[in-house]
1. Restricting attention to the range 288-302, which residues are within 10 Å of the ligand (Cβ to nearest atom), out of contact with any strand residue (DSSP E or B) (no Cβ under 9 Å at 6 or more places or on another chain) and open to solvent by 40 Å² or more (accessible area, probe 1.4 Å)?
2. Kindly provide the set of residues from the range 1-19 that are free of Cβ contacts under 8 Å to residues at least 24 places away in the same chain and of a type outside the set (D, E, K, R), ordered by number.
3. When residue 264 is evaluated against the numbered criteria (1) more than 13 Å from the ligand (Cβ to nearest atom); (2) open to solvent by less than 60 Å² (accessible area, probe 1.4 Å), which criterion, by number, is the only one it fails?
4. Among the residues of the range 222-234, is there at least one that is open to solvent by less than 30 Å² (accessible area, probe 1.4 Å) and either aromatic (Phe, Trp, Tyr) or part of a loop (DSSP other than H, G, I, E, B) (or both)?
5. If the requirement is being within 11 Å of the ligand (Cβ to nearest atom) and open to solvent by 10 Å² or more (accessible area, probe 1.4 Å), which of these qualifies: 215, 270?
6. Hey, could you check the range 116-148 for residues that are part of a strand (DSSP E or B) and at pLDDT below 95 and say which is surrounded by the fewest Cβ atoms within 10 Å (Cβ to Cβ)?
7. Name the single residue that is surrounded by the most Cβ atoms within 10 Å (Cβ to Cβ) among those in the range 89-110 being within 16 Å of the ligand (Cβ to nearest atom) and in a loop (DSSP other than H, G, I, E, B).
Amino acid sequence: MFTSLSDRLTETFKNLRSKGRLTESDVNKTIRDIRLALLDADVALPVVKEFTHSVRERALGAEVSEALNPAQQVVKIVNEELVGILGGQTRTIAFAKQPPTVIMLAGLQGAGKTTLAGKLSKWLKDQGHTPLLVAADLQRPNAVTQLEVVGERAGVPVFAPERGNVFGHDVVSETGEGTRSHGDPVAVSRAGVEHARRAQHDVVIVDTAGRLAIDANLMQQAADIRAAIQPDEVLFVIDAMIGQAAVETARAFQDGVDLTGVVLTKLDGDARGGAALSVASVTGRPIMFASTGEGVKDFEVFHPDRMASRILD
Ligand code: GDP
């Protein structure tokens, strides 16, 4: 990812470096090149505008460092602004004072939620947590089975009451909720969190249903689940490959369910990077994790500063 954007910016800065002093017109040309590179990488127009505006103001402003030549200063400013639109500081899960910490996953179908649920649970387990996965995606016929496979791979139990069981036991006898929660994602989510509390899982990850496109029913269901389980984190899972559509989708989920963070998936693909560069800015929520493949370990904490350096390298 970002190969083309990275190459374009490198080229832009190479041209800049050949100049001893920068005139206003050099800065303007550089800004124009950056703007086009970002647009070609599918970064959303409002984000591009804000970005180039800040860079321009700062590059032409009074920011002068003795230690850096003018070209280096522009690169430094672009780097800092990139870190800013990628969310600034690194942030991961904010654990609840009173366990269980409840994490809800939301996003479109195919975004990679179920895969991510496995990865995130494995990551938590490796840190000594005792996560539980809850299969509240009852829309897609195979979703529950898929989460069970993912859970098995991660070595993390799955609460799936519509199966009539949770890790091989009868849910009815375990939680008393089994029959009532059958088929109702809100009730399944609530029962899952309740089960986690009783069975002393310190983190519970609720995998919710997605649709191929945003629709009012899906958003209402996600909002109902949110209201029922009062999650500590609502993570928006988004496929980095969807380009420009990322902005509209992210905005809809932000308005519909009030997100707390973003997870980018399929960063191993050849996406141009626009989604990554737009989503934090559009939602006002940090990108916390990146999913980089189909395996349970293809997962990392997202560091805005490292990503910015990668783009500018
Ligand atoms: P969901 O509908 O949101 O639950 O999405 P899934 O977890 O079922 O993922 C949809 C498809 O994308 C599956 O074929 C996954 O194997 C694949 N997938 C998920 N995450 C990644 C990733 O980070 N990289 C790649 N290459 N594929 C992924």
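1. Selection gives 294 alone.
2. Across the range 1-19, the qualifying residues are 15, 18.
3. Exception for residue 264: condition (1).
4. Yes - at least one qualifying residue is present in the range 222-234.
5. When all the criteria are applied, what remains is 270.
6. The qualifying residue surrounded by the fewest Cβ atoms within 10 Å (Cβ to Cβ) is 135.
7. Filtering first and then ranking leaves 107.
Residue-by-condition table, conditions (1) in contact (Cβ under 8 Å) with a residue 40 or more places away in the chain; (2) within 23 Å of residue 129 (Cα to Cα):
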{"position": "208", "(1), (2)": "yes, yes"}
{"position": "217", "(1), (2)": "no, no"}
{"position": "255", "(1), (2)": "no, no"}
{"position": "300", "(1), (2)": "no, yes"}
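The values are calculated or read from the model by the stated rules, or taken from the named source; none is laboratory data. Just so you know, these numbers come straight off a predicted model, no measurement behind them. Cβ: placed from backbone, ideal geometry, glycine included. Neighbour counts: every protein chain shown. Ligands, DNA and RNA are excluded from the accessible area calculation, which covers all protein heavy atoms including side chains. Shrake-Rupley method; radii C 1.70, N 1.55, O 1.52, S 1.80 Å.
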